[in-house]
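The values are calculated or read from the model by the stated rules, or taken from the named source; none is laboratory data. Bear in mind that the values here come from a model prediction, so they are computed numbers and not experimental data. Here Cβ is always computed from backbone atoms with ideal geometry, including for glycine, and neighbour counts include all displayed protein chains.
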Amino acid sequence: MTEHLSEEDRIFDRLQALNKAITPTFERCAGISPTRLRLLHELFQVTEISQISLQKHVDIDAAAVTRHLKGLEENGMISRRNNPDDNRVTLVSLTAQGRDKIRSYREEKNRFIANLLAGFNEQERATLADMLARLQHNINLLQP
């Protein structure tokens, strides 16, 4: 039996569907997860950074950043080393391969976004950006 959903329920369902679909779709198109691309982008801005500082900039938990960095290191995109002044600190940097590859990832991201927003005019894009910012603000108010 089909239940009549309120407009709010339909909005919530669509947001959930978008949340579920956007990351795997982006990864298929760009060849990298959005989180790993964010990590590479942060590393592109610096020569070297501590893993803890990188984690804070990207705002993901320690286990996730370690897992992502391990995969990026295995693919030759980053290098990690212990800080010679404090062995408890791991320093992270992009390799030459990582610096080269991030450019193509950025191009793929731009193509993905262009396809995602196809058919939206500038005013609609501005309105969407404003609405999403307001939703994010409201979500932040609900978090402890």
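Assuming Ala114 fulfils every condition listed in (1) touching a helix residue (DSSP H, G or I) at 6+ places or on another chain (Cβ under 8 Å); (2) farther than 16 Å from His41 by Cβ; (3) small (Gly, Ala, Ser); (4) not in a strand (DSSP E or B) apart from one, which condition is it? Result: Ala114 fails condition (1) only. Scanning the range 45-58 for residues that are modelled with pLDDT under 95, of a type outside the set (Val, Ile, Thr) and touching a Lys or Arg at 6+ places or on another chain (Cβ under 9 Å) yields one hit, His57. Against the conditions (1) farther than 30 Å from Leu117 by Cβ; (2) touching a Pro at 6+ places or on another chain (Cβ under 8 Å), Phe26 satisfies every one except (1).
In the range 12-105, which helices (runs of 4 or more DSSP H) lie fully inside it and hold 2 or more residues that are in contact (Cβ under 8 Å) with a residue 12 or more places away in the chain, surrounded by 15 or more Cβ atoms within 10 Å (Cβ to Cβ) and touching a Gly at 6+ places or on another chain (Cβ under 8 Å)? Give the derivation first.
Values: elements: 34-44, 51-58, 62-74.
In the range 12-105, 34-44 are the helices (runs of 4 or more DSSP H) which contain 2 or more residues that are in contact (Cβ under 8 Å) with a residue 12 or more places away in the chain, surrounded by 15 or more Cβ atoms within 10 Å (Cβ to Cβ) and touching a Gly at 6+ places or on another chain (Cβ under 8 Å).
Note on the range 106-135: among residues that are surrounded by 10 or more Cβ atoms within 10 Å (Cβ to Cβ) and either among the polar types (S, T, N, Q) or at positive phi (or both), the one that is farthest from the chain's Cα centre (by Cα) is Thr127.
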